[in-house]
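Step one of this worksheet: look at the structure below.
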Amino acid sequence: MTDIAPVHAKNPAEIVVRGACPHDCPDTCALRVTVRDGRAVKVAGDPDHPPTDGVLCTKVSRYLERVYSPDRITVPLRRVGPKGSGHFEPATWEAAIADIAQRLGAVAQRDPQRIVPYSYAGTMGMVQGDGMGQRFFHKLGASLLDRTICSSPGIHGLTYTLGGAVGMDMERFAQSRLILIWGSNPITSSVHFWSLAQQARRQGAKLICIDPYRTATAERCDQHIALRPGTDGALALGLMQQLIAQDLIDRDWVAQHTVGFEALAARAAAWTPERVARTCGIRAQEVIDLAREYGTLAPAAIRLNYGMQRTRGGGNAVRLVASLPALIGAWRHAAGGVLLSASSHYGVDFEGLQRPDLLAGRRPRTINMSSIGDALLQADPPIEAIVVWNSNPLAVAPESAKVRAGFQREDLFTVVIEQFMTDTADHADWVLPATTQLEHFDLHKTYGHRWWVVNTPAIAPQGQALPNSEVFRRLSAAMGFDDPCLHESDEAVAASAYRLDDARLPVLMAHAAAGAGGRGPQAARAALDAIVQRGYAKLNIPEAPFAQGGFPTPSGKVEFESSLLRALGQDPLPDFVPPYESAESAPELAARYPLAMISPPARHFMNSTFVNIASLRAAEREPFIDMHPEDAAARGLQEGALVRAVNDRGAFLARLRVDARVRPGVVAAWGVWWPKLAPGGHNVNAVTSQRLTDIGRGPTFYDCLVEVVAHEASDVQGDAVSAGASGHRAAVSRQTGAAG
């Protein structure tokens, strides 16, 4: 283990350990964990890390409630009741590993593709998230998992246009004069970006929010454009048409650093302000004025988030919005351009980290995690075993009735590596106790800024909890896998994640590697040790890396016409792709279910993480659905009523808030509650669809029509929540017996 590097503590009896927030957030904060007598007593943001600036969100500032929760799983648990009942008994690690290895081995002898790994971003570290688990399943020959549930359409859209998930330096937004906050609510999802946007505003910048809902962010911006869900691409085309009509194109930059402008201009020409207004449900003048401001207030910046790509046309919408900065030459400026994700700037060595060579020439099938419900029920050959870590599919995957039915199969062998008894864990055959971020080592890149951040373990694991990496090391040993990379330390796995010859490697890491010979494992470890001592290091990238072009596309230019899509036989130009479910595209469906539902994250939750933390759940109170007063009056629904949102896929209960912040014809249902802690035992994903996006094969969570009706049994909520919480406590209480 790398030596812990304490930073200054006021009390000499304390140490302060550097850490990193592991959660699915663009800010990836650097932490300082104060430890006294082996117990963490405080988690704070690191004031010396520029993106964090000493500030944490409400969720992570209460992280100790998670670490020391009495509901933590602290021993391996073996199912002794029906699937979903939450009835388990404690067992030893030896028994758990032996049984899991034997049962996975038996399936693998028939066909390893019948085994599916299922993981996402419960922790985003190189080691506990992306590293050892993928190595293990590559060696096993299991089905590959298409990890699409969050960002895939947007990443593909960026890749086809800009060459990868690249963009502005988040820290430079403070110098922008105009910021479009598009499909994002950073007060909830990126508090540090919001601080920078506020700094820019104090210096005279204008903030414009584009979102179907008047979020807390939209309320604090200078202007809010409330377009219909799934119509972002149409607005982007309209802005292009107006930028050309108003002669606001940077012709010189476009000529030198883009491909396909004339073709894009021809496509955009049809999108007049009037057509955009009809499609998006906004005023034509808003399109005209927004284009003028975007083309004249330089430097102009766009902060996207992933909400806008969770509809059928989400990938194309990202392509269109990502094209806008090139048209006005915004990339000339460090404070101009667009940021959705910065993850490709890191140049992660995924082959070294995940070792696909362990497949040894095999080509397993790929299962899309966004349609896991259908896969568990219909895949051929059938899925016989699934191992879940860093995810909670029964809460977060769409069309949850099918997901639940799949996990309830008695012939499905299920292993869940978890910290708490989630709905998914309730359906497992084995539940294995996982460490929290304070109890293991990891290395983190981020998708919101340009800093590597290290997490050093601050305390010993609680009970018998193990890091994900150690679980897979033990399974590898039990299955007789002797490849050295399956038994490497966490530090060695982390050191495999970066390329020593990459010019973007942080300067302090590059210097350390050079001092150790410049290449090979010893140099990689020296580079890691250097960042461990500091806690974080910024990529060696110019503040305005694309001022003179140099994009990582095949042409080196912004590709309005994508050479990659052309090679695939697809339309190389981006276009507006309407939603699957809308009055225009599905009028018969809309007649029965006339309300477009979006399901943004609740402020105190991170997807389904933190839902079980009592103080944070109390802050959210209960699941809510927001409806415009006109829609509520038309249905005779009153503020505070318990209502049911329903469509052909299912239904869920929520408390109604009548609120003009949501536009007519749209409802906002806040997620993502654990189903067993929600009224009636269902959350928003009871009604969402497994249909996929145009690009990137992602989920269409915000492409969903529902009807909302009164629910008569007003006491269902309290009963369901009490029963769910009671079942949760009962399952955990069965761990108290000695595990041998």
Does the stretch 42-57 contain at least one residue that is more than 14 Å from Arg534 (Cβ to Cβ), basic (Lys, Arg), surrounded by fewer than 17 Cβ atoms within 10 Å (Cβ to Cβ) and at pLDDT 95 or above?
-> yes
Can you name every residue in the stretch 18-41 that is aliphatic (A, V, I, L, M), surrounded by 22 or more Cβ atoms within 10 Å (Cβ to Cβ) and closer than 15 Å to Thr436 by Cβ?
-> Ala20, Leu31, Val33
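If I filter the stretch 130-147 down to residues being under 18 Å from the mean Cα position of the chain (by Cα) and either over 21 Å from Tyr447 (Cβ atoms) or modelled with pLDDT under 95 (or both), which single residue comes out as most open to solvent (accessible area, probe 1.4 Å)? Please lay out each step first, then the result.
At the first step, the residues of the stretch 130-147 found to be under 18 Å from the mean Cα position of the chain (by Cα) are 130-131, 145-147.
Subset that is either over 21 Å from Tyr447 (Cβ atoms) or modelled with pLDDT under 95 (or both): 130-131.
Values: Asp130: 41, Gly131: 0 Å².
The selected residue is Asp130.
Considering each of Trp389, Trp331 in turn, give the residue that is closer than 30 Å to Ala174 by Cα and crowded, with 21+ Cβ neighbours inside 10 Å.
Trp331
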Among the residues of the stretch 584-600, which ones are touching a residue at least 40 places away in the same chain (Cβ under 8 Å) and aliphatic (A, V, I, L, M)?
-> Ala586, Leu589, Ala590, Leu595, Ala596, Met597, Ile598
How many residues of the stretch 33-92 are within 28 Å of Leu677 (Cβ to Cβ) and among the polar types (S, T, N, Q)? The answer is 5
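Would you point out which residue out of Ala619, Ala669 is aliphatic (A, V, I, L, M), within 24 Å of the chain's Cα centre (by Cα) and closer than 20 Å to Asp211 by Cα?
Ala669
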Within the stretch 189-217, restricting to residues that are surrounded by fewer than 21 Cβ atoms within 10 Å (Cβ to Cβ) and among the polar types (S, T, N, Q), the one that is farthest from Gly314 (Cα to Cα) is Gln203
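The rows are residues; the columns are (1) polar (S, T, N, Q); (2) modelled with pLDDT of 95 or more.
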site: Gly549; (1), (2): no, yes
site: Glu559; (1), (2): no, yes
site: Ser563; (1), (2): yes, yes
site: Arg592; (1), (2): no, yes
site: Arg617; (1), (2): no, no
site: His628; (1), (2): no, yes
site: Gly636; (1), (2): no, yes
site: Glu639; (1), (2): no, yes
In the stretch 164-202, which residues are under 22 Å from Pro212 (Cβ atoms), assigned to a helix (DSSP H, G or I) and of a type in the set (Gly, Ala, Ser)?
-> Ser189, Ala197
Looking at (1) closer than 18 Å to Val348 by Cβ; (2) free of Cβ contacts under 8 Å to residues at least 60 places away in the same chain, which is the one condition that is false for Gly517?
-> (1)
Can you spot a residue in the stretch 594-607 that is closer than 30 Å to Val60 by Cβ, among the small types (Gly, Ala, Ser) and crowded, with 19+ Cβ neighbours inside 10 Å?
-> yes
Would you call Gly361 farther than 22 Å from Ser152 by Cα and either under 18 Å from the mean Cα position of the chain (by Cα) or open to solvent by 20 Å² or more (accessible area, probe 1.4 Å) (or both)?
-> yes
Provide a single number: the residues in the stretch 632-661 that are open to solvent by less than 10 Å² (accessible area, probe 1.4 Å) and either acidic (Asp, Glu) or more than 30 Å from Val403 (Cα to Cα) (or both).
-> 1
Selected residue (criterion: surrounded by the fewest Cβ atoms within 10 Å (Cβ to Cβ)) from residues of the stretch 608-631 that are hydrophobic (A, V, I, L, M, F, W, C) and within 19 Å of Thr688 (Cα to Cα) | Phe624
Collect the residues in the stretch 289-328 that are touching a residue at least 12 places away in the same chain (Cβ under 8 Å), out of contact with any helix residue (DSSP H, G or I) (no Cβ under 8 Å at 6 or more places or on another chain) and outside any loop (DSSP other than H, G, I, E, B), keeping them in residue-number order.
-> Glu293, Thr296, Gly307
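Matching residues to (1) β-branched (Val, Ile, Thr); (2) outside any strand (DSSP E or B); (3) more than 29 Å from Arg404 (Cα to Cα):
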residue	(1), (2), (3)
Ala335	no, yes, yes
Val338	yes, no, yes
His345	no, yes, yes
Glu351	no, yes, yes
Leu358	no, yes, yes
Gly361	no, yes, yes
Pro364	no, yes, no
Ser370	no, yes, no
Ala375	no, yes, no
Please tell me if Arg303 is at pLDDT 95 or above, closer than 27 Å to Asp130 by Cα and basic (Lys, Arg).
-> yes
Please state which one of Glu286, Glu274, Glu262 is touching a strand residue (DSSP E or B) at 6+ places or on another chain (Cβ under 9 Å), assigned to a helix (DSSP H, G or I) and more than 24 Å from Ser341 (Cα to Cα).
-> Glu286
Going through the stretch 456-489 one residue at a time, which ones are in contact with a His (Cβ under 7 Å, 6 or more places away or on another chain) and under 20 Å from Lys445 (Cβ atoms)?
-> Pro457, Pro467
Checked the stretch 527-556 for anything assigned to a helix (DSSP H, G or I) and open to solvent by less than 10 Å² (accessible area, probe 1.4 Å); matches are Ala527, Leu528, Ile531, Val532
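Okay, residues lined up against (1) acidic (Asp, Glu); (2) open to solvent by 10 Å² or more (accessible area, probe 1.4 Å):
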site	(1), (2)
Gly406	no, no
Arg409	no, yes
Phe420	no, no
Asp423	yes, no
Ala428	no, no
Leu438	no, no
Phe441	no, no
His449	no, no
Val453	no, no
Wholly within the stretch 69-151, strands (runs of 3 or more DSSP E) carrying at least 2 residues that are β-branched (Val, Ile, Thr) = 115-119
For residues that are buried (at least 21 other Cβ atoms within 10 Å of the Cβ) and under 18 Å from Gln548 (Cα atoms), tally how many sit in the stretch 261-304.
-> 3
Pick from the stretch 196-220 the residues that are among the polar types (S, T, N, Q) and over 21 Å from the mean Cα position of the chain (by Cα): which of them is nearest to Pro600 (Cα to Cα)?
-> Gln198
Considering (1) closer than 22 Å to Ser343 by Cβ; (2) touching a Phe, Trp or Tyr at 6+ places or on another chain (Cβ under 9 Å); (3) outside any helix (DSSP H, G or I); (4) among the hydrophobic types (A, V, I, L, M, F, W, C), say which one Ala524 fails and leave the rest.
-> (3)
Restricted to the stretch 557-574 and to residues being touching a residue at least 24 places away in the same chain (Cβ under 8 Å) and in a loop (DSSP other than H, G, I, E, B), the residue farthest from Ala317 (Cα to Cα) is Lys557
Selection within the stretch 218-238 - surrounded by fewer than 21 Cβ atoms within 10 Å (Cβ to Cβ) and either among the hydroxyl-bearing types (Ser, Thr, Tyr) or assigned to a loop (DSSP other than H, G, I, E, B) (or both) | Arg220, Asp222, Ala226
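The values are calculated or read from the model by the stated rules, or taken from the named source; none is laboratory data. Keep in mind the model is a prediction, meaning the values are calculated, not measured. Using ideal geometry, Cβ is built from the backbone for each residue, glycine included, and neighbour counts are taken over all protein chains shown. When the accessible area is computed, the model is the full protein with side chains, heavy atoms only, and any ligands, DNA or RNA have been set aside. Shrake-Rupley method; radii C 1.70, N 1.55, O 1.52, S 1.80 Å.
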